[in-house]
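Chemist: Structure incoming, see below.
What follows draws every value from the coordinates through simple rules; no lab data is involved. Please read all numbers here as calculations on a predicted model, not as lab measurements. Glycine also receives a Cβ, built like all others from the backbone with ideal geometry; neighbour counts cover every protein chain displayed.
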Amino acid sequence: MMIHNRLIHVLYAVITTALTTLLLSTTVFAQAPATYRQLPITIEGYAKPFPPVHIISNLYYVGTYDLAVYLITTSNGHILINTGVNNSTAPIKANIEALGFKFSDIKLLLGTHGHWDHVAAMAEIKRMTGAPMMMHEDDAELLETGGGYDFRFPQGRGAIYEPIKVDRRLKDGDTIRQGDVELTIHHHPGHTKGSSSFTYTTQENGRPYQVLIINMGTINPGVNVGFMPGFPKITDAYATTLTKQKQMRPDVWVSSHAGHFNMHDKYKPGDAYDPNRFVDPAGYLAKVERYEKLYLEQLQKDRATAKPSN
Ligand SMILES: [Zn+2]
Ligand SMILES: [Zn+2]
């Protein structure tokens, strides 16, 4: 009886050690490399899955309920613009596969800006697909430090997502070609230093459509648009960006957040594909003007309440 008990104890010890090792190794594997601090997800729409949306022609929304991720299919693999928060690889992959496309066919990675809610899963997707990452040069450092280099935190904040190696640093007006698709990058700083939008022309039923994937000039909490020591040109950056955005004339426009282009008013899951669903030039101008108004109101408030000391 005594021997039997000891044997059970030994077996138990062996099994628990093996299980612990297994658990530890899976944890390390799943989160590798664990050199960043994940922010808690406090906005439900960031993580909530949403079925893929066929926007127009070769453009698809494959993100979560609010975090826009775009797939552009080309004659030679796919372009992926943005990810979502840290754990968004699985829902993005599931959406791409639900459309009948292969995740492994992603050949090029882009981003509208370097905040964690748009690029936190990028390093993982880059590792899985081997696709190069291209980003506007003014947000490259943000990506390569995992969000640590951020003008709102001039003292540094440490990595909050896995750092992403930028393979090509883009400038305003650069063209990016993949297969039969050619995108143009538009530098729209303000929200971040390197915030960017992308345009291209696509065809549907023999008709050309101007497509704009825009990063709107929204303002994060804690930002003083009149004076930011970490971004001395912030006031002019917003003003110039808003002026440029008001001059753009897209047929179809989408943005970094579903809420920025009112996607959930324009589309409900199950709605049939309609190439004109997201054709909305008047709505575009109204939205840019709304963000301009918010910027001007905040500028007036910030200048009145927070004056620089020198
Ligand atoms: Zn942002
Ligand atoms: Zn965002």
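Chemist: Take the Cα atoms of the range 127-235, build their convex hull, and give its volume per residue in Å³.
Modeler: Looking at the range 127-235, the number lands at 131 Å³ per residue.
Chemist: Springs between alpha-carbon atoms under 10 Å, Gaussian network over the chain: tell me which of PRO250, PRO232, PRO221 tops the mean-square fluctuations.
Modeler: Maximum among the listed residues: PRO221.
Chemist: Aspartates and glutamates near LYS246 by alpha-carbon distance under 12 Å, same-chain residues fewer than 8 away left out - which ones?
Modeler: Qualifying aspartates and glutamates at Cα under 12 Å: GLU289, GLU292.
Chemist: Let me ask you something else. Once the dipole of the chain is set up with Lys and Arg at +1 and Asp and Glu at -1 on Cβ about the Cα centre, which of LEU299, SER197, THR74 lies farthest towards its positive end?
Modeler: It is LEU299, whose Cα lies furthest towards the positive end.
Chemist: Let's test the formula: R0 of 25 Å, r as the Cβ-Cβ distance of ASN220 and GLU97. What FRET efficiency results, to the nearest 0.05? Each step should come with its number before you reach the end.
Modeler: Numbers: r = 33 Å, r/R0 = 1.33.
That pair, ASN220 with GLU97, gives E of 0.15.
Chemist: Continuing with this model, one more query. Would you calculate, for the chain, the mean residue ellipticity at 222 nm contributed by helices, counting each DSSP H stretch of 4 or more residues as -39,500 (n - 2.57) and dividing by all residues, to the nearest 500?
Modeler: Helix-only estimate at 222 nm: -10500 deg cm²/dmol.
Chemist: Just subtract the alpha-carbon distance of ARG290 and ASN87 from 0.36 nm times their residue separation and send over the number in nm, one decimal.
Modeler: 69.9 nm
Chemist: Give me the orientation-averaged projected area of the Cα convex hull of the range 173-248, in nm², one decimal.
Modeler: That works out to 6.3 nm², a quarter of the Cα hull's surface.
Chemist: So how far apart, in nm, are the two label points at ILE43 and LYS171 if each is 7 Å from Cα heading toward Cβ?
Modeler: Simple spin-label model gives 3.3 nm for this pair.
Chemist: Using a Gaussian network model on the chain with a 10 Å cutoff between Cα atoms, which of LEU59, LEU110, LEU67 fluctuates the most?
Modeler: Highest fluctuation among the options: LEU59.
Chemist: About the Cα centre, and with charges only on the beta carbon of Lys, Arg (+1) and Asp, Glu (-1), how big is the dipole of the chain? Nearest 20 debye, please.
Modeler: Approximately 440 debye in magnitude.
Chemist: How many percent of DSSP beta bridges within the range 47-305 run antiparallel, rounded to 5? Working shown, then result.
Modeler: On the way: 28 of 42 bridges.
If I count the DSSP bridges inside the range 47-305, around 65 percent turn out antiparallel.
Chemist: If you don't mind, another one. Please list the helices of the chain that count as membrane-span-like by this rule: a mean Kyte-Doolittle hydropathy of at least 0.0 together with Cα atoms stretching 30 Å or more along the helix axis, each helix being a complete DSSP H run.
Modeler: 2-31
Chemist: Give the Rg/Rh ratio for the chain, taking Rg as the radius of gyration of the Cα atoms and Rh as the Kirkwood radius, to two decimals.
Modeler: Details: Rg = 22.5 Å, Rh = 20.9 Å.
When Rh is taken as the Kirkwood radius, the ratio is 1.07.
Chemist: Sorting check: for 159-168, 191-200, which peptide has the highest mean count of neighbouring beta carbons within 10 Å, and how do the rest follow? Intermediate results must be reported in sequence, preceding the final value.
Modeler: Values: 159-168: 19.5, 191-200: 23.3.
So the order, starting with the most tightly packed, is 191-200, 159-168.
Chemist: May I pose another question? With springs only between Cα atoms under 10 Å, which of ASP280, ASP180, ASP150 fluctuates most in a Gaussian network model of the chain?
Modeler: Among ASP280, ASP180, ASP150, the largest mean-square fluctuation in the Gaussian network model of the chain belongs to ASP180.
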